[in-house]
Amino acid sequence: MFEGFSLAEFLERCGFLITGFIIFLLLYIFYPEKVERIATHLLWVFSYFSGWAERRAISQEVEYIVSTSFVKNYHLEEVPRIVVKWGEEDEAILDLKKSMLLIVLRRGRKLRYENIAKAILKALPELLAPEMKVVYDPRLVECLSAHMARNLVKDSQPIVTAINEFVASELEKDEELRKIVSMLVEIDDESFLSRILLPELIEVAKIRYPHRDPQIDDDFLNLVKTLHSIVRGEISEPIICGKYFRILFVRVARPEKVEAMLLPHVQFVKHSLNKCPAMETVYVLAAKRNIAAAKALRMLLERELRDMGMKVKISEQEYTGTYRGKPHTKLYICKLKMEKIT
């Protein structure tokens with residue numbers, strides 16, 4: 001006998017525990033996301049009795065959203081470990097050495113969805129580029145975070161509602177910010193947010209960090225407004241020639257220009273370079289049957305720009321997205337980054 005049990009009974013019970021552990025391990029190996037989701041739900045149950053369980057539940061919920069929706073939509077290369085702690089004010093701190101994102105929240109027991117919403121809103125700028133919150137107006141960065149956060153959690157209405165409450169209470173009080181949030185929705189509908197706006201903002205933020213110049217906010221707004229006008233087809237010369245963003249957009253969409261061997265587009269680019277000699281980037285945009293013409297234009301522009309004494313770096317994206325309200329449309333974006341050879 002051993003503590004009231006026979007040796008046979010003890011081995012039988014150990015065998016049951018070992019079998020259970022093996023089953024759990026196999027489930028985790030083959031269905032890790034489902035097991036982690038079950039563990040998160042259990043943590044929320046225990047959160048009513050434990051502050052640790054609440055913090056851990058928020059951490060796992062945000063980490064799940066980041067590792068699925070965020071990675072898919074914004075091409076994050078590495079997902080840091082997310083840790084939530086209670087503090088005096090809401091903030092996020094990215095520790096690259098430890099590959100950890102620390103999210104500090106003001107204590108709010110049982111406010112599950114509000115806390116998840118706050119954590120995501122604070123986490124997104126750090127995950128994209130921590131330099132952004134230093135270089136740009138924090139209110140503009142909040143507009144970006146709010147829009148992206150709603151996209152990431154669109155399948156969880158309670159979290160969307162919590163984010164909408166934040167937008168209504170913090171951003172929509174300002175008419176300019178309200179307009180920006182509305183424009184971001186339309187820009188994102190055509191995939192320009194993740195493929196043009198964010199990469200440009202991040203690139204400039206990394207160059208400018210840690211210096212803050214209020215002028216950069218005007219350039220930020222000009223870029224947003226220009227992309228919005230392109231989406232709506234309301235701009236004839238989509239040129240940005242600012243202090244920090246110097247970009248030209250060429251949309252290959254008019255049949256008569258395609259038939260004219262694309263020369264009007266080439267002439268437009270040359271005219272724009274004369275108008276803005278400091279131009280750094282040209283984007284060629286096209287949809288559906290005009291993609292082949294856009295690729296031909298890319299080759300023409302590459303040759304012309306090099307003949308003008310410029311080094312050209314090219315990146316292309318061909319994907320399926322929404323175009324003028326029509327989903328599942330074949331789209332094309334080509335970025336020509338120019339640098340004068342000295």
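What spacing in nm lies between the two simple spin-label points modelled at LYS313 and LYS179, each 7 Å away from Cα in the Cβ direction?
The answer from the label model is 3.4 nm.
Would you pull out the residues with amide H under 5 Å of VAL250's amide H, same chain only if 5 or more places away, H placed 1.01 Å from N?
Those qualifying (amide H under 5 Å, at least 5 residues apart or on another chain) are TYR283, VAL284, LEU285.
As a quick test, which of the pairs LYS288/LYS311; LYS97/LYS118; LYS72/LYS326; LYS122/LYS326; LYS270/LYS340 have an alpha carbon distance above 26 angstrom in this structure?
The pairs that break the limit, which is 26 Å between Cα atoms, are LYS288/LYS311; LYS122/LYS326.
³J(HN,Hα) across segment 64-69 via Karplus (A = 6.51, B = -1.76, C = 1.60, θ = phi - 60°), whole Hz, x for Gly/Pro?
3J(HN,Hα) across segment 64-69, in whole Hz: 5, 4, 5, 6, 10, 5.
Multiply the residue gap between TYR64 and ARG324 by 0.36 nm, knock off their C-alpha separation, and tell me the result in nm, one decimal place. Show your work: numbers first, answer last.
On the way: separation 260, 0.36 × 260 = 93.60 nm, distance 3.23 nm.
That works out to 90.4 nm of additional length.
Under 8 Å for C-alpha pairs, at least 6 residues apart: give me the relative contact order for segment 91-168, rounded to a whole percent.
After rounding, I find 28 percent.
Can you list residues whose amide H is under 5 Å from MET100's amide H, if they're 5+ apart or on another chain and H is modeled 1.01 Å from N?
So MET100 has HN proximity to ARG81, ASP95.
Based only on Cα atoms, what Rg/Rh ratio does segment 129-235 have, Rh being taken as Kirkwood's radius?
Result: Rg/Rh = 0.96.
Each residue of segment 238-246 in turn: what ³J(HN,Hα) in whole Hz from Karplus with 6.51, -1.76, 1.60 and θ = phi - 60°, glycine and Pro shown as x?
Here the 3J(HN,Hα) series is x, 10, 10, 10, x, 6, 10, 10, 10 Hz.
Sorted by packing (mean other beta-carbon atoms within 10 Å per residue), highest first, where do 172-183, 223-234, 123-134 land?
Listed from highest to lowest mean packing, they are 123-134, 223-234, 172-183.
Out of residues 5 or more away from GLU131 or on other chains, whose amide H comes under 5 Å of its own, with H placed 1.01 Å from N in the peptide plane?
Under 5 Å from the amide H of GLU131 lies no amide H from a residue far enough along the sequence or on another chain.
What are the ³J(HN,Hα) couplings of segment 302-310, residue after residue, when phi is run through the Karplus curve with 6.51, -1.76, 1.60 and θ = phi - 60°? Round to Hz, x for glycine and proline.
4, 5, 4, 5, 5, 5, 8, x, 10
Roughly speaking, what is the stretch gain from GLU203 to VAL71, that is 0.36 nm per residue apart minus the C-alpha to C-alpha distance, in nm to one decimal?
Stretched fully, the GLU203-VAL71 segment lengthens by 45.6 nm.
Bear in mind that the values in this text are calculations on the coordinates, not laboratory data. As the structure is a prediction and not an experimental result, all values here were calculated from the model. Every residue, glycine among them, receives a Cβ derived from its backbone with ideal geometry; neighbour counts consider all protein chains shown.
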